[in-house]
1. Below 11 angstrom from the Cβ of residue 85, what's the summed charge of the other residues (Lys, Arg +1; Asp, Glu -1)?
2. Apply the Karplus parameterisation 6.51 cos²θ - 1.76 cosθ + 1.60, with θ equal to phi minus 60°, to every residue of region 23-31 and state each ³J(HN,Hα) to the nearest whole Hz, in sequence, with x for glycine and proline.
3. Beyond 13 Å, how much of the Cα-Cα pair distribution for region 57-97 remains, as a whole percent?
4. For the chain, which cysteines have no disulfide-compatible partner, meaning no other cysteine Cβ under 4.7 Å?
5. Taking the Cα centre of region 16-127 as origin, work out the dipole magnitude from +1 charges on Lys and Arg Cβ and -1 charges on Asp and Glu Cβ, in debye rounded to 20.
6. Summing Lys, Arg as +1 and Asp, Glu as -1, what charge do residues with Cβ under 10 Å from the Cβ of residue 121 carry, residue 121 excluded?
7. At a Cα cut-off below 14 Å, give the aspartates and glutamates reachable from residue 29, other chains included and same-chain residues fewer than 8 away excluded.
8. Among 76, 112, 140, which residue has its Cα furthest toward the positive end of the charge dipole of the chain, with +1 on Lys/Arg Cβ and -1 on Asp/Glu Cβ?
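We did not get these values from a lab; they are worked out from the coordinates using the rules stated. On a predicted model such as this, the values are computed, not experimentally measured, just so you know. Methodologically, a virtual Cβ is constructed for each residue, glycine included, from the backbone with ideal geometry; neighbour enumeration extends over all protein chains shown.
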Amino acid sequence: MRRVYVKEEACMGCGLCRVYCVTEHSQSKDILKAFKRESPRPVARVRVERLGEVSFSVQCRQCDEPWCVYSCLTGAMQKDAATGLVTVDPDRCIGCWTCIVACPYGALTRDTGNHVVAKCDLCPDHSVPVCVANCPNEALTLLEEGLNS
């Protein structure tokens, strides 16, 4: 199972993880177009919490017991038994936000432009998620774990 972990002591709260996430999930894959020209605007699947000197990013933890999946009314949220990846099927999502309420980490986001939930998908077209690859302080780390760890 793949998961992104944050090292709070290394995170400076710059928000580049969000910038690269938005760009990666945009139609154009261009940073300026993604932020200034695309409509609906792409949504980051990560957020940055800041409180004084402490900052860290929050994204889907790909939980062993995914309450978002258990609470989904339509079955749009699913957990792949082989990879452990929690995914959302936007065609089945009705935008009820029940999964957002159920997530203990607050890691899911409303994509109000498309009226569906958005969540970290670990950037399936990349060997390393873009948030991890572009973190200047290496505060984000991709860990591979056994499914029952």
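1. Once positives and negatives cancel, what remains is +2.
2. For region 23-31, the Karplus-derived couplings read 4, 4, 9, 8, 6, 7, 6, 10, 4 Hz, x marking Gly and Pro.
3. Roughly 50 percent, rounded to a whole number.
4. 11, 14, 21, 63, 72, 93, 96, 103, 123, 135
5. Details: 14 positive and 13 negative charges, 89 e Å.
Roughly 420 debye for region 16-127.
6. Neighbour charge sum, excluding residue 121 itself: 0.
7. 38, 125
8. With unit charges placed on the Cβ atoms, the residue in question is 112.
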